[in-house]
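So the structure is just underneath, and the comments pick up after that.
Every number in this text was worked out from the coordinates using simple rules, so none of it is lab data. Computed from a predicted structure; not experimentally measured. Because the Cβ atoms are built from the backbone with ideal geometry, glycine has one as well, and the counts that use them run over all protein chains shown.
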Amino acid sequence: MVITFRYDMPIKDTMDFELVFEPELRMGIEDKIDLLQSCAVAWLFVDGELAGEIYGAGHTDFDEEIPDVDHSDDTAVYLYSAAILPKFEGKGLSKIMMAHWLGLVADQYEVVTAHCTHEAMTAICKGFGAEFFGTHHNWFDSGREATFCKIYLS
């Protein structure tokens, strides 16, 4: 298995990742294009095939109201999304992708914040030393629970 990363992709080629999420959490192509302009983003490939997507933006780089996010904190980056396509799940790729992305943002930020909405993501964040805070029920009307966490990079 050969794992590579890309940092620039036609967004239309990444829309399958939206199908991993409930309809309430999916983005349309225009919204995704707008958001990714301010994000640190990486796409993971396995043997040349697109398999994963991860991106986040500095707390001061977006206006969207997200619970627990302090928009005045210029030392923090919010992890918006990390997704592996179903065909590639269960191979440990999420950990590799997360480690790579943390390395990308570590020179610019001291803290990564996120809302974990899946057991696997919670476990991955714990593995990177996350501290967990409050839980939100029915996250953006998706039926998911989201637990806020912080990963300190320094």
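Neighbour counts of C-beta atoms inside 10 Å place HIS100, HIS137 in the sequence HIS137, HIS100, starting with the fewest. The label-point distance for ASP63 and ALA106, in a model that sets each label 7 Å from Cα toward Cβ, rounds to 3.5 nm.
Here the dipole of segment 3-152 is about 700 debye; that uses its Cα centre as origin and unit charges on the Cβ of Lys and Arg (positive) and Asp and Glu (negative).
Using r as the Cβ-Cβ distance of LYS126 and GLU22, and R0 as 25 Å, what FRET efficiency do you calculate, to the nearest 0.05? For R0 = 25 Å, the calculated efficiency reads 0.60.
Computed 3J(HN,Hα) for segment 67-78, one whole-Hz value per residue from the Karplus formula 6.51 cos²θ - 1.76 cosθ + 1.60 where θ = phi - 60°, is x, 6, 8, 8, 5, 8, 8, 7, 9, 10, 10, 9, glycine and proline marked x.
From most to least packed by mean Cβ count within 10 Å, the peptides 122-135, 36-49 give 36-49, 122-135. Does anything in segment 21-49 have its amide N under 12 Å from the 7 Å Cα→Cβ label point of LYS91, and if so which residues? Flagged as within label range: 44-49. Backbone geometry of segment 14-22 corresponds, through the Karplus equation with coefficients 6.51, -1.76 and 1.60 at θ = phi - 60°, to 3J(HN,Hα) couplings of 10, 6, 4, 5, 5, 6, 5, 9, 4 Hz, x marking Gly and Pro.
Note on PHE140 and MET9: with the Förster distance fixed at 22 Å, the Cβ-Cβ geometry gives a FRET efficiency of about 0.30. Taking the charge dipole of the chain about its Cα centre, with +1 at Lys and Arg Cβ atoms and -1 at Asp and Glu Cβ atoms, the residue from HIS100, PHE132, VAL2 reaching farthest to the positive side is VAL2. Sorted ascending by nearby beta carbons within 10 Å, beginning with the fewest, LYS12, LYS32, LYS95 become LYS12, LYS95, LYS32.
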